[in-house]
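Below is one structure; the comments refer to it alone.
The values are calculated or read from the model by the stated rules, or taken from the named source; none is laboratory data. The model shown is predicted, which means the values in this text are computed figures rather than measured ones. Cβ coordinates were reconstructed from backbone atoms using ideal geometry, including for glycine residues, and neighbour counts include every protein chain displayed.
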Amino acid sequence: MNTPAKIAFGKLFNGALALAAAGFLAAPHAQATVLFNVNFHGMTAGELPTTAAATAGGTTTKVSYAFPASGDSSVNAWVQNGYTDSVTENEFSADQVVVLTDTVTTGDPDDANIHLVLNNADKISTTSTNKVVNLSWDIMVGSVYTGNGYSFVDLRTGYFGDKFGVLVIQSSSGSAKITTLGDSLDHSVGAFSLGVSHSVLMTLNYTTSQISYSLDGGTAYTFTFDNSKEFGALDFTTGSTSGSQMALTNIKIETVPEPATWALLAGAGTFLMAFRRRRA
């Protein structure tokens with residue numbers, strides 16, 4: 001028998017269930033923030049990529065800095081109309097990409113690099129709203145330099161700030177490793193084929209102090225990093241004294257809600273639905 005008290009409870013319960021479901025569905029979209037989403041479409045070939053300062057809370061579609069400012073054929077960070085490896089003849093892209101080239105192998109004080117620098121308000125740390133950030137990009141490391149050449153991806157606290165993690169791609173061995181300041185060790189992360197297109201995903205979790213790396217959706221390697229260092233910049237650079245070349249596009253930096261938050265909301269919704277079925 002539906003007494004007034006039961007009817008009132010049912011209305012209250014239905015309202016709570018609706019709020020929980022709405023929260024679960026909306027939370028990931030409301031909390032996820034794309035801070036950088038950079039490709040080089042429409043930029044002028046033979047020149048530095050267009051740059052722009054990051055906007056707080058918004059999506060920036062250009063890199064923050066590119067060097068050297070006055071490059072030449074030996075050291076440059078220039079946009080190209082597509083990129084095909086000269087040895088493997090594999091095409092990386094037919095669209096505009098940025099290519100970092102450093103062919104000087106001795107006595108070279110410079111290198112080629114691009115920087116994506118977060119707005120100070122969006123830096124990721126143990127105290128930021130979202131404590132998980134995904135870093136992804138498409139890359140081809142040229143196979144023309146098979147000597148002791150290196151390509152680096154640096155995780156920094158800000159523009160030329162402290163480095164707390166480095167992905168090192170070594171041309172001579174066609175392999176990669178990650179150096180973190182969490183345990184001061186070099187971690188092998190498997191093969192990295194030269195002259196082949198790759199998609200890289202790195203995730204920093206400031207709650208667990210874990211950094212993970214995967215190549216082309218394969219095995220995820222996970223290590224500890226020093227989460228007292230906030231994430232404020234992502235840098236790509238060539239080896240300063242070891243000829244190297246890499247093409248890049250689709251560089252993305254995105255903060256995401258922590259999995260625990262999603263699980264809590266999902267659990268609340270599941271509990272309410274189960275409780276309702278039992279009462280029925």
Boolean, THR61 is surrounded by fewer than 22 Cβ atoms within 10 Å (Cβ to Cβ), touching a Phe, Trp or Tyr at 6+ places or on another chain (Cβ under 9 Å) and without any contact (Cβ under 8 Å) to a residue 40 or more places away in the chain: yes
Counted residues, the stretch 32-79 - those being assigned to a strand (DSSP E or B) and over 26 Å from GLU254 (Cβ atoms): 3
Filtered residue count, the stretch 109-121, keeping only those that are at pLDDT 95 or above and outside any strand (DSSP E or B): 4
Qualifying residue in the stretch 122-132 (condition: part of a strand (DSSP E or B) and either among the charged types (D, E, K, R) or at pLDDT below 95 (or both)): no
Residue identified as surrounded by fewer than 21 Cβ atoms within 10 Å (Cβ to Cβ), in contact (Cβ under 8 Å) with a residue 24 or more places away in the chain and either within 18 Å of THR238 (Cα to Cα) or of a type outside the set (Gly, Ala, Ser) (or both) among ASP95, ASP102: ASP95
Near pairs, Cβ below 6 angstrom, 6+ apart or cross-chain, from the stretch 32-55 (in contact (Cβ under 8 Å) with a residue 40 or more places away in the chain) to any residue that is among the charged types (D, E, K, R): VAL34/GLU254; LEU35/ASP122; ASN37/LYS252; HIS41/ASP95
Enumeration of residues in the stretch 64-75 that are of a type in the set (A, V, I, L, M, F, W, C) and surrounded by fewer than 18 Cβ atoms within 10 Å (Cβ to Cβ): ALA69
Among (1) on the phi < 0 side of the Ramachandran plot; (2) surrounded by 17 or more Cβ atoms within 10 Å (Cβ to Cβ), the one test that ASP226 misses: (2)
Selection from the stretch 151-196 of residues that are assigned to a loop (DSSP other than H, G, I, E, B) and over 25 Å from THR84 (Cβ atoms): THR157, GLY158, TYR159, PHE160, GLY161, ASP162, LEU181, GLY182, ASP183, SER184
Count of the stretch 61-76 residues which are within 17 Å of VAL97 (Cα to Cα) and among the polar types (S, T, N, Q): 4
Test: residue in the stretch 92-104 that is charged (D, E, K, R), touching a strand residue (DSSP E or B) at 6+ places or on another chain (Cβ under 6 Å) and in a strand (DSSP E or B): yes
Single condition PRO49 does not satisfy, out of (1) buried (at least 20 other Cβ atoms within 10 Å of the Cβ); (2) of a type outside the set (Gly, Ala, Ser); (3) touching a Ser or Thr at 6+ places or on another chain (Cβ under 7 Å): (3)
Within the stretch 197-253, strands (runs of 3 or more DSSP E) holding 3 or more residues that are more than 12 Å from the chain's Cα centre (by Cα): 221-224
Given (1) under 27 Å from TYR65 (Cβ atoms); (2) modelled with pLDDT under 95; (3) in contact with a strand residue (DSSP E or B) (Cβ under 6 Å, 6 or more places away or on another chain), index of the condition SER175 fails: (1)
Positions within the stretch 142-172 being among the small types (Gly, Ala, Ser) and surrounded by fewer than 21 Cβ atoms within 10 Å (Cβ to Cβ), in sequence order: SER143, GLY147, GLY158, GLY161, SER172
